[in-house]
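First up is the structure itself, then whatever we jot down about it.
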């Protein structure tokens, strides 16, 4: 599938914050992380159904899927397929309380 990637602003912030955190210890790893996120998102766009379904109690999040960031498997891309591509909702470290992070998600 070719299509459009719609990044939610908070997902973009997630990537920048993670890269800054990684750069504190290893600047070149931060660059690799950002590239890996881009590659992962492009792979998702090609096969949106390949990610694992992720259910949340919040009905606003129906249809959410998750995929590991290639090479940075502690990071997860949360997305939903759309009619024209995918929408990236968040990019989070797996050690975070994912359910609590999404608890207050509201339609945008």
Working only within segment 73-84, note down all residues that are in contact with a helix residue (DSSP H, G or I) (Cβ under 6 Å, 6 or more places away or on another chain) and at pLDDT below 95.
81
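Those residues that are within 20 Å of residue 103 (Cβ to Cβ) and assigned to a helix (DSSP H, G or I), I need them from segment 1-42; list them, please.
Of all residues in segment 1-42, those within 20 Å of residue 103 (Cβ to Cβ) come to 8-11, 13-14, 17.
If the condition is that a residue be within 20 Å of residue 103 (Cβ to Cβ) and assigned to a helix (DSSP H, G or I), then 9, 10, 11, 13, 14, 17 are the ones that fit.
For the structure I just gave you, tell me whether residue 87 is assigned to a strand (DSSP E or B) and surrounded by fewer than 17 Cβ atoms within 10 Å (Cβ to Cβ).
no
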Determine, yes or no, whether residue 100 is over 15 Å from the mean Cα position of the chain (by Cα), surrounded by fewer than 18 Cβ atoms within 10 Å (Cβ to Cβ) and not in a strand (DSSP E or B).
yes
If I filter segment 43-64 for residues that are touching a strand residue (DSSP E or B) at 6+ places or on another chain (Cβ under 7 Å), on the phi > 0 side of the Ramachandran plot and either modelled with pLDDT of 90 or more or part of a loop (DSSP other than H, G, I, E, B) (or both), do I get at least one hit?
yes
For segment 65-84: of the residues being touching a residue at least 40 places away in the same chain (Cβ under 8 Å) and not in a strand (DSSP E or B), which is farthest from residue 11 (Cα to Cα)?
84
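Considering segment 43-64 alone, what residues qualify as being free of Cβ contacts under 8 Å to residues at least 24 places away in the same chain and either over 19 Å from residue 99 (Cα atoms) or surrounded by 15 or more Cβ atoms within 10 Å (Cβ to Cβ) (or both)?
Going residue by residue through segment 43-64, those that are free of Cβ contacts under 8 Å to residues at least 24 places away in the same chain are 50, 52-53, 55, 59, 62-63.
50, the sole residue that qualifies.
The values are calculated or read from the model by the stated rules, or taken from the named source; none is laboratory data. Predicted model only: the values in this text are computed from it and were never measured. Here the Cβ is made from the backbone with ideal geometry for all residues, glycine too, and neighbour counts use every protein chain on show.
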